[in-house]
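Structure first, commentary second.
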């Protein structure tokens with residue numbers, strides 16, 4: 001099975017149930033460090049030595065998200081970026097949220 005970061009996000013047209021239970025847990029295992037919040041969204045903080053490097057990371061994530069057509073919430077602070085993602089169309093999590101999470105991790109490393 002290919003790792004999540006090598007996959008592409010798939011646009012959600014709605015009408016599919018959000019991930020729950022075992023299916024959600026299986027994806028969560030593949031994205032260590034990400035917090036699953038109320039089975040609704042994913043969140044992770046990234047630390048940086050200064051504002052400029054945090055901003056550069058936000059710009060990289062923004063470009064990747066635009067290319068993937070899947071857009072997280074990004075909170076930029078001095079030396080810190082918080083990424084939050086979920087699939088708005090179904091108000092919950094899909095595989096694409098975990099793909100985006102893995103891609104964010106890859107950009108950080």
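General observations
- Residue 3 under 15 Å from residue 101 (Cβ atoms) and surrounded by fewer than 11 Cβ atoms within 10 Å (Cβ to Cβ): yes
- For residue 102: the one exception among (1) part of a strand (DSSP E or B); (2) closer than 18 Å to residue 25 by Cβ: (1)
- Breaking point among (1) within 16 Å of residue 91 (Cα to Cα); (2) surrounded by fewer than 14 Cβ atoms within 10 Å (Cβ to Cβ), for residue 36: (2)
- Residues of region 35-63 classified as farther than 10 Å from residue 79 by Cβ, in contact with a strand residue (DSSP E or B) (Cβ under 8 Å, 6 or more places away or on another chain), part of a helix (DSSP H, G or I) and free of Cβ contacts under 8 Å to residues at least 40 places away in the same chain, total: 3
To keep it simple, each residue is scored yes or no on (1) more than 26 Å from residue 16 (Cβ to Cβ); (2) surrounded by fewer than 14 Cβ atoms within 10 Å (Cβ to Cβ).
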{"position": "61", "(1), (2)": "no, no"}
{"position": "64", "(1), (2)": "no, no"}
{"position": "68", "(1), (2)": "no, no"}
{"position": "84", "(1), (2)": "no, no"}
{"position": "87", "(1), (2)": "no, no"}
{"position": "91", "(1), (2)": "no, yes"}
{"position": "94", "(1), (2)": "no, no"}
{"position": "97", "(1), (2)": "no, no"}
{"position": "109", "(1), (2)": "yes, yes"}
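- Among (1) touching a strand residue (DSSP E or B) at 6+ places or on another chain (Cβ under 6 Å); (2) at pLDDT 95 or above, the one test that residue 12 misses: (2)
- First in region 73-90 and in contact (Cβ under 8 Å) with a residue 24 or more places away in the chain and at positive phi, second anywhere and surrounded by 14 or more Cβ atoms within 10 Å (Cβ to Cβ) and assigned to a loop (DSSP other than H, G, I, E, B), Cβ under 7 Å, 6 or more apart: 79/48
The values are calculated or read from the model by the stated rules, or taken from the named source; none is laboratory data. This structure is a prediction, so every number in the text was calculated from the model and none was measured. Every residue, glycine as well, gets a Cβ built from its backbone with ideal geometry; the counts of neighbours run over all protein chains shown.
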